[in-house]
Amino acid sequence: MNKENKYQKLILSLLFDAIGYVSYLIPGIGELSDIVWAPASAYIMTKMYKGNKGKIAGVIAFIEEAMPGLDAVPTFTLMWLYTYVFSSSKEVKKTIEV
């Protein structure tokens, strides 16, 4: 994966997390936006991250957006960190050990 695509996903992740925070702008009514955003965020997550990792992240994104009060969790950004920071460092460590 090239660096440009990696950082493009980071920018998109920050944007999608910001969209999830919109429900806090209009208390009460804002939670209704989660009815639309919860399945949309799950779908987007599965398209950004392929395979089982993306499917699991999609389910987590859906639950996080659908449950009132959990919108503060930056699911997209956490998934990006998991994919490109924490998993990458494990792969580098395995390569060094071999």
Is there a quick way to get the dipole size of segment 3-97? I mean about its Cα centre, with the Cβ of Lys and Arg at +1 and of Asp and Glu at -1; what is the value in debye to the nearest 20? 620 debye
Given R₀ = 35 Å, FRET efficiency for residue 6-residue 32 by Cβ-Cβ distance, to 0.05? 0.55
Quick one: which of 56-62, 21-27 comes out on top by average Cβ neighbours within 10 Å, and what's the full order, highest first? 56-62, 21-27
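A short reminder: the numbers here are calculations on the coordinates, not readings from a lab. None of the values given here were measured: they were computed from a predicted structure. As a convention, Cβ positions derive from the backbone with ideal geometry for all residues, glycine included, and neighbour counts pool all protein chains shown.
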